[in-house]
Amino acid sequence: MSDSLDRRLGLVGSVAIGMSAMIGAGLFVVFPPAVDAAGDGLLLALGLAAIIAVCNAFSSAQLASLYPVAGGTYVYGRERLGPFWGYLAGWAFVAGKLASCAAMAFAVGTYVWPEHARTLAVATVVTVIAINLLGVEKSASAAVVIVSVVVAVVTLAVVLLFAGPRAPDTSAGQASASGVLHAAALLFFAFAGYARLATLGEEVRDPARTIPRAIATSLVLVVSLYAVVALALNHALGAKDLADSARPFVDALDAVGRSNVAPVIQVVAAVAAGGALLSLALGVSRTMFAMARDGHLPRAVTLLSGSSRVPRAAELCAGALIIALVLLGDLGMSIAFSSFCVLLYYAIANAAAWTLPTAWPQRAIAAIGFVGCIVLAFSLTMPTIGAGCTVVGIGAVIYFARVAR
């Protein structure tokens, strides 16, 4: 039996998966640490993160059109730069996105049952993996529903926040270059959802046309939503209080006298984070599947389930690793570590795009994306950089040990 995947996703499902990952991955958790780092430069940091994300999306779309198979930059790096760089991209992606999954599971637990956040986070991971085992069409259908509900409720909340009184103190301190870069790196965590589309390349119908359109559509919609939400939260709380808030939407609604809406936001935040976890786990498992198919992970990870052709072993392996991270880590560490690894992943994607036989404007975009990713990755805190470099180094040692055999 072939170990290739079936193409079942269309444009709407692809956009929904990308949007659910981006919206849930940052909308409810990333603004406080970003404001704390950037001060009054939050919007500048948001714009910088968006520019880097656009460059990465452009490079990813070009590469996905040429290599419409599961694996994303793991495949692009291998084909354009050599086997080691493809492997390193896959390793960084898996490490970073496992951390993202843990962050989203923590977000669900924090919003729904803060006294037992870790326990609920584990239960959420188990539920998401069970859904993904039913097949990518089920996951895409769930993503469409989640995105629709989240956007509708967040739009209502934004209207209520702008209609309320403006916070008396909107200053969080003067922005510095290092602070803006650090905040942009954290905010990039929120824009990385379109990577799910590239890793699902083998399950998308007409990938050369669908993947670039889905990436562009989901990115434009989500960047616009994030900008409006940032302004609304700053309007209601002020940057200083926003930086100190664990649940900014809930606190902002309380500040404008709309605490009756807060329970709805809590539920929607949990649903959004759950939707992000759904999409993130889907992408991680497909990259693990592709790496195992090429011999970089145990061959057993390529096991497919029956008629649905779902990479069951990869899904179960991803789920076990996410649960381990939930039991050992926390939300802040997960976000920063994920950002570092994913920025390195996209640096390799841009380097791969540079090698394509395209005109100079396209190569310039790839160059900007590459430099931007490296700068943002190394603008994070030293413990995060150290942890990221250690994990990447371990991956390199494993690769060369395998090659030596």
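The values are calculated or read from the model by the stated rules, or taken from the named source; none is laboratory data. All figures in this text were calculated on a predicted structure; none of them were measured in a lab. Here the Cβ positions follow ideal geometry from the backbone for every residue, glycine too, while neighbour counts run over all protein chains shown.
The table that follows gives values for the structure above.
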{"quantity": "Among the residues listed as 366, 352, the single one being closer than 19 Å to residue 191 by Cβ, in contact with a Ser or Thr (Cβ under 8 Å, 6 or more places away or on another chain) and not aromatic (Phe, Trp, Tyr)", "calculated": "366"}
{"quantity": "Test: residue in the stretch 272-292 that is surrounded by fewer than 20 Cβ atoms within 10 Å (Cβ to Cβ) and part of a helix (DSSP H, G or I)", "calculated": "no"}
{"quantity": "Candidates 387, 359, 313 - the one that is under 21 Å from the mean Cα position of the chain (by Cα) and not aromatic (Phe, Trp, Tyr)", "calculated": "387"}
{"quantity": "Single unsatisfied condition, residue 316 versus (1) in contact with an Asp or Glu (Cβ under 8 Å, 6 or more places away or on another chain); (2) over 25 Å from residue 190 (Cβ atoms)", "calculated": "(1)"}
{"quantity": "Hits in the stretch 58-96 - residues which are part of a helix (DSSP H, G or I) and touching a Gly at 6+ places or on another chain (Cβ under 6 Å)", "calculated": "59, 64, 74, 77, 78, 85, 86, 89, 91"}
{"quantity": "Selected residue [within 17 Å of residue 121 (Cα to Cα) and of a type in the set (Val, Ile, Thr)] from 368, 322", "calculated": "322"}
{"quantity": "Long-range neighbours under 7 Å by Cβ, at least six apart or interchain, first residue more than 9 Å from residue 134 (Cα to Cα) within the stretch 303-316, second basic (Lys, Arg) and modelled with pLDDT under 90", "calculated": "303/312; 304/312; 305/312; 311/286"}
{"quantity": "Out of 125, 112, sole residue that is farther than 30 Å from residue 216 by Cβ, modelled with pLDDT of 90 or more and aliphatic (A, V, I, L, M)", "calculated": "125"}
{"quantity": "From the options 372, 393, 332, 386, residue that is surrounded by 18 or more Cβ atoms within 10 Å (Cβ to Cβ), of a type in the set (Gly, Ala, Ser) and assigned to a helix (DSSP H, G or I)", "calculated": "372"}
{"quantity": "Number of positions in the stretch 375-404 that are in contact with a helix residue (DSSP H, G or I) (Cβ under 8 Å, 6 or more places away or on another chain), closer than 16 Å to residue 336 by Cβ and either touching a residue at least 24 places away in the same chain (Cβ under 8 Å) or among the β-branched types (Val, Ile, Thr) (or both)", "calculated": "12"}
{"quantity": "Test set (1) at pLDDT 90 or above; (2) under 25 Å from residue 206 (Cβ atoms); (3) hydroxyl-bearing (Ser, Thr, Tyr) - residue 87 fails condition number", "calculated": "(2)"}
{"quantity": "Residue count, the stretch 237-262 (criterion: touching a residue at least 24 places away in the same chain (Cβ under 8 Å), more than 27 Å from the chain's Cα centre (by Cα) and either assigned to a helix (DSSP H, G or I) or surrounded by 20 or more Cβ atoms within 10 Å (Cβ to Cβ) (or both))", "calculated": "3"}
